[in-house]
Amino acid sequence: MTGTTDTASPRHDPELLGQVVVLIGGSSGIGLQTALRARAEGAEVVLTGRNADRLKQAADEVGARQTAAFDATDSAALKRFFQDLPEPIDHVMVTAGGPHYGPVLTMDSAQLRGSLAGHVELGLEVARNAIGTMRPGGTLIFMGDSGSRRVAPGVGIASAVSAVMPPFVAALALEIAPARVNAIAPGFVDTPLSASLLEDQLDARRTELTAKLPIGRVVTPGDVAALAVHLMTNTALTGATYDIDGGQQLAF
């Protein structure tokens, strides 16, 4: 008599079923991949971005229930966005903005203030506006940067910016508890933003990282999205910054 073995993967209930996830900067890259993964886990998603056309394309791909095209650094527009949300939300992830690289001495005062305060200021504005509409157990997730943590030529002010985020996240987590606050700090991630920053050096960087990283490949937006959804669903996690760089800090 021969038996059969069921090799199908075990099914699990969607972990975000009935929850609402807001992606500030969700029209491409990490934000878009997080939206797709959240939808796969049963969430309704709301996408924002500056480019209305790209936002519409992303919304169609995801099946977003709502979109809003505006600049997240415009505090008045950000406030209106949260005021206009039709019902409570559960999670907010902010991927808008990016690091500023380049020599410190070439920056004027406005650029310096913007670089140092930009991520923290945006985080504060999101927290102030989101906390009143978040359900218990909700999460704020911000983006840091492990790749510029080490001071090196060409990194400039980005090293200082990356140092600011962990204590900011920890302090905010204490202030808005029981809502949770965490940050994700990637190294190089193969996104459209990376392509725009590196331009014709992109392929060389991919090849270098594939050869040197312990994981033997570059980190993708999907990798970061998986971590983001885990931070949404694991209610024991708050006040921390999580590196995701494929071992980049060990290899370089």
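The values are calculated or read from the model by the stated rules, or taken from the named source; none is laboratory data. Predicted model, so just to flag it, every value in this text is computed and none were measured. All Cβ positions, glycine included, derive from the backbone under ideal geometry; neighbour counts span all protein chains shown. Keep in mind that these areas ignore ligands, DNA and RNA; they rest on the heavy atoms of the full protein, side chains included. Shrake-Rupley method; radii C 1.70, N 1.55, O 1.52, S 1.80 Å.
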Margin query: Need one number: % antiparallel among DSSP beta bridges in the chain, to the nearest 5.
Written below: 0
Check: Loop-only check: which trypsin sites (Lys or Arg not before Pro) in region 10-97 are DSSP coil with at most 10 other Cβ within 10 angstrom?
Finding: Arg11
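Heavy-atom accessible area per residue, region 168-252, 1.4 Å probe: how many Å²?
Values: 4030 Å² over 85 residues.
It amounts to 47 Å² per residue over region 168-252.
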Checklist line | Label point 7 Å beyond Cα of Leu17 along Cβ direction - residues of region 37-55 with amide nitrogen under 15 Å | finding: 39-44
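With an 8 Å cut-off on Cα pairs and a minimum separation of 6 or more residues, tell me the relative contact order of the chain in percent. Intermediate values should be presented prior to the final figure.
Working: 451 pairs, mean separation 48.0, N = 252.
That works out to 19 percent.
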Notebook entry, point to check: Using a 1.4 Å probe, what is the accessible area per residue for region 28-99, in Å²?
Noted result: 47
Item checked: Contact order normalised by residue count of region 168-244, Cα under 8 Å, 6+ apart, percent -> 52
Margin query: Given the DSSP H assignment, sum -39500 (n - 2.57) over each helix run of at least 4 residues in the chain and divide by its residue total; what's the result at 222 nm in deg cm²/dmol, nearest 500?
Written below: -13500 deg cm²/dmol
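Per the 1.4 Å probe, what fraction of the accessible area of the chain, in percent, lies on carbon and sulfur atoms? All intermediate terms of the calculation are to be shown ahead of the outcome.
Numbers: 6920 of 12980 Å².
The nonpolar share, carbon plus sulfur, comes to 53 percent.
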Notebook entry, point to check: Roughly how many debye, to the nearest 20, is the charge dipole of the chain about its Cα centre, given +1 on each Lys and Arg Cβ, -1 on each Asp and Glu Cβ, and no other charges?
Noted result: 260
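For the chain, what is one quarter of the convex hull surface built on the Cα atoms, given in nm²? Write out the running numbers ahead of the final one.
Details: hull surface 68.2 nm².
The directionally averaged projection comes out at 17.0 nm².
Would you work out if region 106-252 is rounded, prolate or oblate? Take a ≥ b ≥ c from the square roots of the eigenvalues of the alpha-carbon gyration tensor; rounded if a/c is under 1.5, else prolate when a/b is larger than b/c, oblate otherwise.
oblate
Using 0.36 nm times the number of residues separating Leu85 and Glu175, minus their current alpha carbon distance, what extension gain do you get?
Contour length minus the Cα-Cα distance gives 30.1 nm.
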Note to self: Taking just the alpha carbons, could you work out the radius of gyration and Dmax for region 198-252, both in angstroms?
What the structure shows: 13.8, 42
